[in-house]
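Asks: Dropping a structure here in structure tokens format, bear with me for questions.
The values are calculated or read from the model by the stated rules, or taken from the named source; none is laboratory data. As the structure is a computational prediction, the values presented were derived from the model and not from experiment. Cβ placement follows ideal geometry from the backbone for every residue including glycine, while neighbour counts extend to all protein chains displayed. Surface areas here come from the heavy atoms of the whole protein model, side chains and all, with no ligands, DNA or RNA. Shrake-Rupley method; radii C 1.70, N 1.55, O 1.52, S 1.80 Å.
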Amino acid sequence: MKNLLTDIAGVRVGHADDAALASGVTAVIFDAPAVAAIDVRGGGPGIREGAVLDLANTVDHIHGIALGGGSAFGLEAGGGVQAWLAGQGRGFQIREAVIPIVPGAIVFDLLNGGDKKWGRFAPYRELGYTAAAAASHDFALGSAGAGFGATTANFKGGLGSASAMTPGGVRVAALVVVNAVGSVTVGDGPWFWAAPFEIDGEFGGRGLPPSFMPQMLAMRLKGATAATAAENTTLAVVVTDAILTKPQARRLAMIAQTGFARAIYPVHAPLDGDVLFAAATCEKPIDPLVGLTELGMVAANTVARAIARGVYEAAALPFPGALPAWKDRFGQQVKR
């Protein structure tokens, strides 16, 4: 396993980003339709095709997921991913019509110093197409794709990923775009809130501080009193190879999103647009009660790890006043 979302067979990930724009798109492509659901907990979400994932609605399989920067402009990334899938003849079929189902969500990165004067049409549809065409089993972390322009309260945000396996051999993996209003680190130190769940020093191996001081628990918000609901969001995609129904995928999404609270402080605020997509490739049977609970537990830990990796792997944007990258301040992994 590569500790990536693509450790789930039949899943590929592609990025497209623009350094001058300081923004980008990430496409998750399923080789076969996947059962999917959504859990929304932030106060200011921006979602494409979210209604199709409602348990009351007919379609229960999707073909891709589009994650983009650009705030509401970035929702067009889904059209680019959809266009690429349509070109491959893949989608929901109604007689001779083929319609790719591509939910998506966006983060706000319009004030990070990049050039957003793109003219009549935003570039996100083309970036979505390029990201889908580039999808493979290996992909970059940190300042890449939809995480290119992401930020947090005190460090550069980014795109992270992690994977795990339950004791019963079911795989689960997460991909997260970290653009939170809060902080992923304890205070301004090197410690990640997700430290108890770290595996093999994947985000620096610093553990937790020896003690917690009151200032470490003080609220840090991106933009402080000027923060708004439009400016922040953490997006996650969790995929498993378990056989799940749409309601079970929804329950997985709900449990997995608790991983946000293990890695971001504060989280799920009126200032965030937090969204988690859960998808199942439906290869391995799972007990619907204890098995699904265990899968959700492992998924939540994996989400927390992916969040910390997104910040750990990020590189600072080359603009005046840009937030520092974690590695610029604290270096690489601790050698033990």
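Asks: Can we say Gly104 is of a type outside the set (A, V, I, L, M), buried (at least 23 other Cβ atoms within 10 Å of the Cβ) and either touching a strand residue (DSSP E or B) at 6+ places or on another chain (Cβ under 6 Å) or over 30 Å from Val186 (Cα atoms) (or both)?
Replies: Values: of a type outside the set (A, V, I, L, M): yes; buried (at least 23 other Cβ atoms within 10 Å of the Cβ): yes; either touching a strand residue (DSSP E or B) at 6+ places or on another chain (Cβ under 6 Å) or over 30 Å from Val186 (Cα atoms) (or both): yes.
Taking the combined requirement at face value, the residue satisfies it.
Asks: When only residues in the stretch 75-93 that are touching a Pro at 6+ places or on another chain (Cβ under 7 Å) and at negative phi count, which is least open to solvent (accessible area, probe 1.4 Å)? Walk me through how you get there before you give the answer.
Replies: Step one: of the stretch 75-93, the residues touching a Pro at 6+ places or on another chain (Cβ under 7 Å) are 82, 85-86, 90-91.
From what is left, the residues that are at negative phi are 82, 85-86, 90.
On the way: Gln82: 50, Leu85: 0, Ala86: 53, Arg90: 48 Å².
Filtering first and then ranking leaves Leu85.
Asks: Among the residues of the stretch 205-221, are any outside any loop (DSSP other than H, G, I, E, B), open to solvent by 10 Å² or more (accessible area, probe 1.4 Å) and closer than 28 Å to Gly68 by Cβ?
Replies: First, the residues of the stretch 205-221 that are outside any loop (DSSP other than H, G, I, E, B): 214-217.
Subsequent filtering for residues that are open to solvent by 10 Å² or more (accessible area, probe 1.4 Å) retains 214-217.
Pick out the ones that are also closer than 28 Å to Gly68 by Cβ and you get none.
So far as the stretch 205-221 goes, no, none of its residues is outside any loop (DSSP other than H, G, I, E, B), open to solvent by 10 Å² or more (accessible area, probe 1.4 Å) and closer than 28 Å to Gly68 by Cβ.
Asks: I've got another one for you. Mind counting the residues in the stretch 290-329 that are part of a loop (DSSP other than H, G, I, E, B) and either under 17 Å from Met254 (Cα atoms) or not aliphatic (A, V, I, L, M) (or both)? First the steps, then the outcome.
Replies: As a first pass, look at the stretch 290-329 and keep what is part of a loop (DSSP other than H, G, I, E, B): 313-325.
Now drop any that are not either under 17 Å from Met254 (Cα atoms) or not aliphatic (A, V, I, L, M) (or both), which leaves 313, 318-321, 324.
Residues flagged as part of a loop (DSSP other than H, G, I, E, B) and either under 17 Å from Met254 (Cα atoms) or not aliphatic (A, V, I, L, M) (or both) within the stretch 290-329 amount to 6.
Asks: Something else now. For the stretch 150-179, which residues satisfy the criterion of being touching a Pro at 6+ places or on another chain (Cβ under 8 Å), outside any loop (DSSP other than H, G, I, E, B) and hydrophobic (A, V, I, L, M, F, W, C)?
Replies: none
Asks: Filter the stretch 103-158 down to the residues that are touching a Phe, Trp or Tyr at 6+ places or on another chain (Cβ under 9 Å) and hydroxyl-bearing (Ser, Thr, Tyr) and list them by number.
Replies: Listed by number, the residues that qualify are Tyr124, Tyr129, Thr130.
Asks: Give Ala131, Ala122, Ala97 a once-over and let me know the one that is touching a Ser or Thr at 6+ places or on another chain (Cβ under 8 Å) and aliphatic (A, V, I, L, M). Even if it seems obvious, please write down each step before you answer.
Replies: On the way: Ala122 fails: touching a Ser or Thr at 6+ places or on another chain (Cβ under 8 Å); Ala97 fails: touching a Ser or Thr at 6+ places or on another chain (Cβ under 8 Å).
Result of the check over Ala131, Ala122, Ala97: Ala131.
Asks: Considering each of Ala56, Ala20, Ala72, Ala27 in turn, give the residue that is open to solvent by less than 60 Å² (accessible area, probe 1.4 Å) and either at pLDDT 95 or above or not in a strand (DSSP E or B) (or both). Let's see the steps before the verdict.
Replies: Numbers: Ala56 fails: open to solvent by less than 60 Å² (accessible area, probe 1.4 Å); Ala20 fails: open to solvent by less than 60 Å² (accessible area, probe 1.4 Å); Ala72 fails: open to solvent by less than 60 Å² (accessible area, probe 1.4 Å).
The conditions single out Ala27.
Asks: Which of the residues belonging to the stretch 107-126 are outside any loop (DSSP other than H, G, I, E, B) and open to solvent by 50 Å² or more (accessible area, probe 1.4 Å)? Full working, then the answer.
Replies: Taking the stretch 107-126 first, the residues outside any loop (DSSP other than H, G, I, E, B) are 124-126.
Within the stretch 107-126, Arg125, Glu126 meet the criteria.
Asks: Kindly list, by first and then second residue, each pair from a residue in the stretch 193-211 that is within 16 Å of Val311 (Cα to Cα) and in contact (Cβ under 8 Å) with a residue 60 or more places away in the chain to a residue that is β-branched (Val, Ile, Thr) and assigned to a loop (DSSP other than H, G, I, E, B), limited to pairs with Cβ atoms under 8 Å and residues at least 6 apart or on different chains.
Replies: Trp193/Val184; Trp193/Val186; Trp193/Ile264; Ala194/Val184; Gly201/Val334; Gly204/Val334; Gly205/Val334; Arg206/Val334
Asks: Of the residues that sit in the stretch 231-253 and are open to solvent by less than 60 Å² (accessible area, probe 1.4 Å) and in a helix (DSSP H, G or I), which one is modelled with the lowest pLDDT? Before the answer, list the steps.
Replies: Filtering the stretch 231-253 for residues open to solvent by less than 60 Å² (accessible area, probe 1.4 Å) gives 231-242, 244, 246, 248-249, 252-253.
When the remaining residues are screened for being in a helix (DSSP H, G or I), the result is 231, 246, 248-249, 252-253.
Values: Glu231: 61, Lys246: 97, Gln248: 98, Ala249: 98, Leu252: 98, Ala253: 98.
Checking each candidate, the answer is Glu231.
Asks: Write out, first by first residue and then by second, each pair whose Cβ atoms fall under 6 Å of each other, whose residues are 6+ apart or on separate chains, and whose first residue, in the stretch 82-104, is over 25 Å from Ala236 (Cβ atoms) while the second is open to solvent by 50 Å² or more (accessible area, probe 1.4 Å).
Replies: Ile99/Phe92
Asks: State which residue is farthest from Thr258 (Cα to Cα) when the search covers only the stretch 39-53 and only residues that are part of a strand (DSSP E or B) and open to solvent by 20 Å² or more (accessible area, probe 1.4 Å).
Replies: Step one: list which residues in the stretch 39-53 are part of a strand (DSSP E or B), which gives 39-40, 47-48.
Those still in the list that are open to solvent by 20 Å² or more (accessible area, probe 1.4 Å) too: 40, 47-48.
Working: Val40: 12, Ile47: 20, Arg48: 22 Å.
Out of the qualifying residues, it is Arg48.
Asks: Among the residues in the stretch 301-308, are any more than 12 Å from the chain's Cα centre (by Cα) and closer than 24 Å to Gly187 by Cα? Outline the logic, then answer.
Replies: Here is the first cut: in the stretch 301-308, the ones more than 12 Å from the chain's Cα centre (by Cα) are 301.
Add one more test, that the residue is closer than 24 Å to Gly187 by Cα, and what stays is 301.
Within the stretch 301-308, one or more residues are more than 12 Å from the chain's Cα centre (by Cα) and closer than 24 Å to Gly187 by Cα.
Asks: Do you know which residues across the stretch 1-15 are at pLDDT 95 or above and open to solvent by 10 Å² or more (accessible area, probe 1.4 Å)? Give the steps one after another, and end with the answer.
Replies: Start the filter on the stretch 1-15 by keeping residues that are at pLDDT 95 or above, which leaves 2-15.
If the condition is that a residue be at pLDDT 95 or above and open to solvent by 10 Å² or more (accessible area, probe 1.4 Å), then Lys2, Asn3, Leu4, Thr6, Asp7, Ala9, Gly10, Arg12, His15 are the ones that fit.
Asks: Output the number of residues of the stretch 292-320 satisfying the condition of being of a type in the set (S, T, N, Q) and open to solvent by 10 Å² or more (accessible area, probe 1.4 Å). Even if it seems obvious, please write down each step before you answer.
Replies: Here is the first cut: in the stretch 292-320, the ones of a type in the set (S, T, N, Q) are 293, 301-302.
Subsequent filtering for residues that are open to solvent by 10 Å² or more (accessible area, probe 1.4 Å) retains 293, 301.
Here the count works out to 2.
Asks: Check whether at least one residue in the stretch 160-182 is open to solvent by 10 Å² or more (accessible area, probe 1.4 Å), on the phi > 0 side of the Ramachandran plot, modelled with pLDDT of 95 or more and charged (D, E, K, R), and report yes or no.
Replies: The answer is no; no qualifying residue exists.
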